[in-house]
There are 4 protein chains.
Amino acid sequence: MEKKIGFIGLGAMGIVMAKNLKEAGYQLQVYNRTASKVDELGGGIVKCNTPAEAAANVDAVITILSDDAAVEEVTTALLQTLPKNAVHISMSTISPDVSEKLASLHAVQGNNYIAATVFGRPEAAAAKKLWICVSGDTSAKQAAKPILENLGQGIFDFGENAGGANVVKIAGNFMIASSLEIMAEAYTLAEKNGLDRKQVSEFFSSTLFSAPIFQNYGKLIANKQYEPVGFITKLGYKDARLTFKLAQQSEIPMPVASVVHNRLLTAMAQGGAEQDWIEGISRGVTDDAGL
Amino acid sequence: MEKKIGFIGLGAMGIVMAKNLKEAGYQLQVYNRTASKVDELGGGIVKCNTPAEAAANVDAVITILSDDAAVEEVTTALLQTLPKNAVHISMSTISPDVSEKLASLHAVQGNNYIAATVFGRPEAAAAKKLWICVSGDTSAKQAAKPILENLGQGIFDFGENAGGANVVKIAGNFMIASSLEIMAEAYTLAEKNGLDRKQVSEFFSSTLFSAPIFQNYGKLIANKQYEPVGFITKLGYKDARLTFKLAQQSEIPMPVASVVHNRLLTAMAQGGAEQDWIEGISRGVTDDAGL
Amino acid sequence: MEKKIGFIGLGAMGIVMAKNLKEAGYQLQVYNRTASKVDELGGGIVKCNTPAEAAANVDAVITILSDDAAVEEVTTALLQTLPKNAVHISMSTISPDVSEKLASLHAVQGNNYIAATVFGRPEAAAAKKLWICVSGDTSAKQAAKPILENLGQGIFDFGENAGGANVVKIAGNFMIASSLEIMAEAYTLAEKNGLDRKQVSEFFSSTLFSAPIFQNYGKLIANKQYEPVGFITKLGYKDARLTFKLAQQSEIPMPVASVVHNRLLTAMAQGGAEQDWIEGISRGVTDDAGL
Amino acid sequence: MEKKIGFIGLGAMGIVMAKNLKEAGYQLQVYNRTASKVDELGGGIVKCNTPAEAAANVDAVITILSDDAAVEEVTTALLQTLPKNAVHISMSTISPDVSEKLASLHAVQGNNYIAATVFGRPEAAAAKKLWICVSGDTSAKQAAKPILENLGQGIFDFGENAGGANVVKIAGNFMIASSLEIMAEAYTLAEKNGLDRKQVSEFFSSTLFSAPIFQNYGKLIANKQYEPVGFITKLGYKDARLTFKLAQQSEIPMPVASVVHNRLLTAMAQGGAEQDWIEGISRGVTDDAGL
């Protein structure tokens, strides 16, 4: 017998993940604000008109939306129908305190909320190569596990506080954005001193910094290749604001987070909201250097 | 027939490299400011009283010293005896303009100067696992190659300008120091939000940041393990100053370099010159966060 | 015939302003969350149990509260009774968008909202020496003018947008906090180079920087005199957050605002919330310098 | 009987000061690297071909030059002829350690060196309205006093260490540059929130910030009026480097100094070396804000 999953949010990541779940044999009830997007999933799924419809009679509902406000609004709606004991798998990049608050709302209704945040671009999602971090109620995480295994190559458990996986996601996004800034500064230093940015990038990303972030993004920064657009500056800046907000809430001065925040804010102010965030950061550095 | 090499500078890195060259069968003429240190190399080497003695009748002389001033002073001395066509392999972390200047002095005398900078801690040097960047005259680099192959696992050529490898070294040190700062900020954010620093560090260094810098240093930062002391804050700060000087010379605003510079300067001002630079950076972050 | 004014908020500033208005002959209806505080105003005033009571049958109601949330909550309450054509004089340090929103709510009810922000410590308020910035509907500002003239030495009109005066207040607080940081850095530079902080402070504040901010605060920073506590770090940090939020909303990278924000956040994280914000900033600088 | 003064350095400030001394009745022996500039002083002065000529047979020699290197070079030259007991009044903006070193050289020769640094633009110099800070040997300062009284409106004594007045000058330049940055950030915040920069500037500079720096520079920043060029970015940046160097030497993390340094470095990198430094700073802020 097939298992039913509600799926809400067909953004760049969501659409790919929904496809994977459909292929894995799940019966999907899908809602997206822009309804036409649902058709891209093809036949064999149930197209819903509201989040509540998507969450009715399911074992689990997945949400993957743009920000705190969207997740709060959709959750309020889906809680009207989500069955007792069902699990809400919340995969958006949001503040941990929002997760904590939503987890409480679910507890009141006798169902469950876990955060399940992901690292990886849409290509990685398509290849089921995401890294997934989960947090929240233990049995709920267990129930979600078989579902999540169809989406990623590894699941990491960050404890029982609902917001734990959100913290890891925010910390990770900060580390990624900062790495972009560092590479941009370093390669520009190399360029202005007569070296080939690409050669320098290849050296570092094949030795001391031989990790995906430095290899993949490093190449783009070295080549000043900012298209096709993958992840836009507006979203990168949204994440920088989440980092900053969490730093404020938990009282941690993070000077590099401030630098990255201001870098992306500059790109926003200069009209670059829809450009790739790598352009936002890398061109910020080269512009300041007069290149 | 054995080849003769002058070797000047038995610091933490130099001593290990000299041992490797001795083992590889080179006949070493060794000078160190603190003469007693030379004895650690055991028998079979020539102990010299001056840099000039060490550079007499050799095919190549290696210098690996603490800063710009030391390299300039020693080079002036060794040029008195360095034979025509011999190569000075300059392995210190110094400014590229110093390398350019010294290369000119050698050219006048009919011998050669190349920069050959290294990445790796003393353990890596002992295991012949250093990454080596070279720059300068092509034939001189070729002459140096068999020697350098006894020291590292890879040699990367950064062109004919003598200072090229110094630029790469400075850019790399900047990237390393910045990575320490980023990890310290991220793991402290995680800690203050209820997560286990070690688990967070392990997650990142086994996925997106699966590179030596994040694996090795990340563990120390996660564990707040600052001993035994490997590389002291005073030297880390010296490197931060080199970065800053090069940024000034080549007119590149580097805000993250400013953050790291000030972080290490704070550690210096607070009496931490002899502590590990990981402590200097990591404790700076946790102190500011009230931990 | 006496004019009736509602007065809500007896903090350090509010209590002094209420006294001045009472002395000026206004009939006050006063509400404060901690009711006992109202007794400090003595006889001849009406003590109210709710904001709505304080706003009933008045020509004007003044609010001077701690933050956005408090002003929004109290305004919702007082709008239940505030007569048509009456003016709400909003003197708290809040975001301009909150003012714009509240102005709209008043417009719907047929009464008026203006922002009237003040610069000056409680002593200045007691001496009727505040500088007052107003913004909002022109006739409402005119109606408020005779009242405000009992509180300050000058009234500056920043236009018809309700939030204008809030912007000036936030910009001014940023300039003040930054000036504290600048003085702390400069005087510490002087001290560590063998000069007398006080002499340096006196020189600057009697010549190029002969303005109240540098004269009054400069002396405290020079003397490292942090008591008695005037304005606490928690409130200074709240203002730094307001600055940062406005910079985000209006897309302006403000690197000095980031420095000051992080400086005050450090003081908060280290347990200094209740210390004078001058201590928060000045000791942050001297601590970092190892003094 | 007239007193003889050597005068070396006819830059924007020097030329005006030399005129004032000539008018005050001093007999001037003048040297300038670009000799033609000396003619602007008119008749009645002795035109010299070398610094040594200018320093021969004088009671005092004044130098006001561009940087550390220029002052060191000229001093070496003038020491060949400077009479015993004569005073070298060193008015350039240089590092305090250079002053200390030069003071020692003078002591060896039996004459004196004092630092006498000035605050004020050329117009202030013309009007004898400079603020002058002195440091060094007490009797030498006393000998210099009657001369300096012809140049400024106040002389402030910063002790017996030769470099004291240099420290004050550097600290003051830092405070000025930071004030420009602060105003640029604040007025841009006001502008992007719908206010008139000029009105905001006038408000602050007539109330809390009623000091020359905020009044004079504030008006230019508010009006985005960057011509005629007064003080060029290249020199402002040179001063920012001096600040940074002194912060390094005396181990004081100065984050606002880092911001200002990077702001001016950006202007340099973007080709603005010859623009007014107010443009360098103010346009940096508005550019980042997308204005």
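Taken together, the values in this text are just the output of simple stated rules run on the coordinates, not laboratory data. All figures in this text were calculated on a predicted structure; none of them were measured in a lab. Methodologically, a virtual Cβ is constructed for each residue, glycine included, from the backbone with ideal geometry; neighbour enumeration extends over all protein chains shown.
Along the three principal axes, how long is the range D:71-152 when you take its alpha carbons, biggest first, rounded to the nearest angstrom?
Principal extents (largest minus smallest coordinate, Cα): 36, 23, 20 Å.
For the range B:32-135, what does the relative contact order come out to in percent, with C-alpha contacts under 8 Å and a separation of six or more?
It rounds to 21 percent for the range B:32-135.
Around residue A:225, under 10 Å between beta carbons, what's the net of Lys plus Arg minus Asp minus Glu among the other residues?
Around residue A:225, the surrounding residues sum to -1.
Percent relative contact order of the range B:224-284, based on C-alpha pairs within less than 8 angstrom and at least six residues apart?
Relative contact order comes out at 53 percent.
Nearest-5 percent of antiparallel DSSP beta bridges in chain A?
25
Please report, to two decimal places, log10 I(q)/I(0) for the range D:126-169 at q = 0.17, 0.19 Å⁻¹ as given by the Debye formula with identical point scatterers on the Cα atoms and no solvent.
-0.43, -0.53
If you count the DSSP beta bridges with both ends in the protein assembly as shown, what percent of them are antiparallel, to the nearest 5?
Here the share of antiparallel DSSP bridges comes out near 25 percent.
From the P(r) of chain B, can you give the percent of Cα pairs sitting at distances over 26 Å?
Value for chain B: 46 percent of Cα pairs lie more than 26 Å apart.
List the extent of the Cα atoms of the range B:127-204 along each of their three principal axes, largest first, rounded to whole Å.
For the range B:127-204, the Cα spread along each principal axis is 58, 26, 12 Å.
For the protein assembly as shown, what does the convex hull of the Cα positions come to per residue, in cubic angstrom?
Expressed per residue, the convex hull around the Cα atoms of the protein assembly as shown is 193 Å³.
Name the residue from B:172, B:206, B:258 whose Cα lies farthest towards the positive end of the charge dipole of the range B:167-288, charges +1 on Cβ of Lys and Arg and -1 on Cβ of Asp and Glu.
My answer, from the dipole projection, is B:172.
Which order do the peptides B:122-129, A:212-219 come out in when sorted by mean C-beta neighbours inside 10 angstrom, highest first?
The densest-packed peptide leads the list: A:212-219, B:122-129.
Going by alpha carbons, how many degrees (0 to 90, nearest 10) lie between the helix axis of C:197-206 and the longest principal axis of chain C?
Approximately 50 degrees, to the nearest 10.
Taking only C-alpha pairs under 8 Å that are 6+ residues apart, what is the relative contact order of chain D in percent?
It rounds to 13 percent for chain D.
What translational diffusion coefficient, to the nearest whole µm²/s, does the range B:85-230 have by Stokes-Einstein, given a Kirkwood radius computed over alpha-carbon pairs, a temperature of 37 °C and 0.692 mPa s viscosity?
It comes out at roughly 193 µm²/s.
So the label point sits 7 Å from Cα along the Cα-to-Cβ vector; using that for residue D:57, what distances do you get to the other copies, in nanometres, sorted shortest first?
Label point to label point, same position, other copies: 6.3, 9.7, 11.4 nm.
Which Cβ of chain B lies nearest the axis of the rotation superposing B onto D, and at what whole-Å distance?
Here the value is B:258, 2.
Let me know the mean shielding of C:175-187 by other chains, meaning the per-residue number of their Cβ atoms within 10 Å of its Cβ.
Mean partner-chain Cβ count within 10 Å for C:175-187: 6.
In the range B:4-161, how does Rg compare with the Kirkwood Rh, expressed as the Rg/Rh ratio over alpha carbon atoms?
0.92
Give the lysines reachable from residue A:22 as a straight Cα distance under 26 Å; neighbours fewer than 8 places away on the same chain don't count.
Within the straight-line limit of under 26 Å, residue A:22 reaches these lysines: A:3, A:4, A:37, A:47, A:84, A:128, A:129, A:141, A:145, A:169.
Give the nm distances, rounded to one decimal, from residue A:83 to the matching residue in every other copy, measuring between label points 7 Å along Cα toward the beta carbon; shortest first.
Between copies, matching label points for residue A:83 lie 6.3, 8.8, 10.8 nm apart.
Just the Cα atoms of the range D:167-288, one point each, no solvent: what log10 I(q)/I(0) does Debye give at q = 0.20 Å⁻¹?
Relative scattering, expressed as log10 I(q)/I(0), comes to -1.09.
List the distances, in nm and shortest first, from the label point of residue B:123 to the matching label points in every other copy, placing each point 7 Å from Cα along the Cα-to-Cβ direction.
With the label placed 7 Å along Cα→Cβ, residue B:123 yields 3.4, 6.0, 6.5 nm.
To the nearest µm²/s, what D does Stokes-Einstein give for the range C:219-283 at 25 °C and 0.890 mPa s, using the Kirkwood radius over alpha carbon pairs as Rh?
Taking Rh from Cα pairs, D becomes 203 µm²/s.
For residue B:101, give me every one of the aspartates and glutamates with a C-alpha distance below 16 angstrom, ignoring sequence neighbours fewer than eight places off in its own chain.
Excluding near neighbours in sequence, the set is B:67, B:68, B:72, B:73, B:137, B:160.
When the expected Rg is taken as 2.2 N^0.38 Å, what fraction or multiple of it is the alpha-carbon Rg of the range C:168-217?
Cα Rg divided by the expected 2.2 N^0.38 Å: 1.19.
For the protein assembly as shown, what is the mean residue ellipticity at 222 nm derived from helices alone (per DSSP H run of n ≥ 4: -39500 (n - 2.57); sum divided by total residues; nearest 500 deg cm²/dmol)?
About -16000 deg cm²/dmol.
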